[in-house]
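**Q** Structure in C-alpha cells, see below.
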Amino acid sequence: MERKFIPGLSMGFVVALWLMTGLILGGCATMGPAKPKDVVPTDRGTVIFLEKYEFKRPPAGWAMLKNLEGGDFEFGFLKMEKGDFPSQTTFIFDDQPFGSSRDLDTRAKQYCTRFLFNTGMYPEIKKQEKAEVMGLPALALYVEGENPNRVEKAKSKIYLVKKGDRIISFVCTQWRPLKGTYDQDGFDRFEELVKSFKFLKKTFYENFEEELKKMGI
Amino acid sequence: MDGHQRDLYLYERLNARVLGVSMDDVITNKYFAQTFWLEFPIISNTLSWMGKSYGAYSDKPPFAPDGSPIMFGRLTVVIDKKGIVRYVKTGSPNNQEILQFLLKLEKEFRGK
C-alpha cells in the first residue's frame, strides 16, 4: 500500500513544481516591455541602429562594433582578413572626432595629428579633396602610415562632414603587415555604408541649438 | 579637454566660462593647451590648494586598487554667478549633461 502512495505523492510534487515554475517564468515575462533590438533590418536592404541611424550593413564576415555606453565612437565594423597580423579592416562612425575646430580644413589638420597616434605610424595625408556626404559639405582625406619597428602599415579613408555647427566623421582603416597589399573591397564596402547613411533623429546638439534659439540665446 | 573646447561656443552663449586647473607647471600646461588647441585658460596650481578646496584631492581611503592614495582625480565643478558650487562630478566630463545643467542655470537666472 505504501509503495502505491509514494509514487502518487511524487507525481503531485512534480506537477506542483511544474506549475510553480510556470508561474515564476510567467511573472518574468510580464515584468516590462521587451527591450528593442539595437540593430533592426529594413525591407530596403539597410539596418537601423539604436533607432538613430540607418545604413547599408556590410555583408557577412564583418563584425559590428557597438559602443552602447558612450566612448570614442558610435559604432563600427571589423573584418579579419587573410594574411599575417594585423590584416584587418575597420569602419568607424564617430560623432565627435579628434580636434575641436568647426572649420573642415582646420579640423582636418587637428584630426591628423591625433589619428593613429598610438600606433606610432605618423600617418601622412596623401590626398585631400572636397566631398559631399548626405548632401552636406565634407572633406575626404586619404591617409597612409607605417611603423617599421612593428612591421605594420595602415591606409585610411576619412570623411569629415560638417553637420550644422558640428563635425562628424566616417573612417575606414585597413591594417596590413609592412609587405602586405591593400585590398580595395574593404574601401568599396565603406563607401556603400557612407552613401547609404542617414540620421533618423536630430542629434543632441541640434536639439540643444533649437532650444537655445527658442530662448533667444 | 577636447570636449570642452568643442563645446566652447555653446558655453559662451550660456554665459559660462571654462577654466582648467592642473598641478602641472606653467610650461607643461602651455604645451598641453597647444597640443589640444585649447582656447580657454588653464591654471597651474602646483601647490594644489584649489584641488583640495574643491574636493579633487584625496590622501585618505578609499585608495586606488594598488593601495596608493588617489590624490587628484578628474573633477568637473560648475560655479554659479553668486560663487555657489552647483554641480560636482568626478571622472570624465559628460559634456551633454553639463550643457543641460548650464541651460537649467540660465533658465533659473532668467526666471528671477
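FYI, it's all coordinate maths here, none of it is from the lab. In this text the structure is predicted, and so the values were computed from the model without any measurement. Heads up, the Cβs are rebuilt from the backbone with ideal geometry, glycines too, and the neighbour counts pull from every protein chain shown.
**Q** What is the list of residues in segment A:174-217 whose amide nitrogen lies under 12 Å from a point 7 angstrom out from the Cα of A:ASN67, following Cα to Cβ?
**A** none
**Q** Step by step: find N for segment A:116-168, compute 2.2 N^0.38 Å, then divide the Cα radius of gyration by it. What's the final number?
**A** 1.36
**Q** Return the calculated 222 nm mean residue ellipticity for chain B, to the nearest 500 deg cm²/dmol, obtained by summing -39500 (n - 2.57) across DSSP H runs with n ≥ 4 and dividing by the residue count.
**A** Result for chain B, helices only: -11000 deg cm²/dmol.
**Q** Which of the peptides B:23-29, A:109-115 is most tightly packed, and how do the rest follow, judged by the mean count of other Cβ atoms within 10 Å per residue?
**A** So the order, starting with the most tightly packed, is A:109-115, B:23-29.
**Q** Shifting gears a bit: Could I have the simple spin-label model distance between B:THR90 and A:ASP103, label points 7 Å from Cα toward Cβ, reported in nm to one decimal?
**A** Result: 4.1 nm between the two label points.
**Q** How are the Cα pair distances of segment A:104-217 distributed, in percent, across 10 Å bins from 0?
**A** 12, 37, 30, 14, 5, 1
**Q** Ok, one more. Just the ratio, please: alpha-carbon radius of gyration of segment A:60-129 over 2.2 N^0.38 Å, N its number of residues.
**A** 1.29
**Q** Need the list of aspartates and glutamates near A:LYS198 for cross-linking: C-alpha distance under 12 angstrom, and skip anything on the same chain fewer than eight residues off.
**A** Candidates past the 8-residue exclusion: A:GLU51, A:GLU54.
**Q** Here's something else I'd like to know. With the crude spin-label approximation of a point 7 Å out along Cα→Cβ, what separation in nm comes out for A:GLU211 versus A:GLU81?
**A** 4.4 nm
**Q** Determine, at each q value in 0.14 (inverse angstroms), the log₁₀ of I(q)/I(0) that the Debye formula gives when each Cα of chain B is one equal point scatterer.
**A** -0.66
**Q** Report P(r) for the protein assembly as shown: all Cα-Cα distances, bin width 20 Å, range 0 to the bin holding the largest distance, values in whole percent.
**A** P(r) over the protein assembly as shown, rounded to whole percents: 23, 46, 23, 7, 1.
**Q** Taking R0 as 35 Å, what FRET efficiency do you get between B:GLN100 and A:ARG114 from their Cβ-Cβ distance, rounded to the nearest 0.05?
**A** 0.80
**Q** For segment B:1-65, state which chymotrypsin sites (Phe, Trp or Tyr not before Pro) are in a DSSP loop and have at most 13 other beta carbons lying within 10 Å of their beta carbon.
**A** Hits after loop and neighbour filter: B:PHE63.
**Q** I want the antiparallel fraction of DSSP beta bridges within segment B:2-111, as a percent rounded to 5.
**A** Taking every DSSP beta bridge within segment B:2-111, about 70 percent pair in antiparallel fashion.
**Q** With 10 angstrom as the radius, rank B:ARG17, A:ARG176 by how many other C-beta atoms surround their C-beta, starting from the fewest.
**A** Ranking B:ARG17, A:ARG176 by Cβ neighbours within 10 Å, fewest first, gives B:ARG17, A:ARG176.
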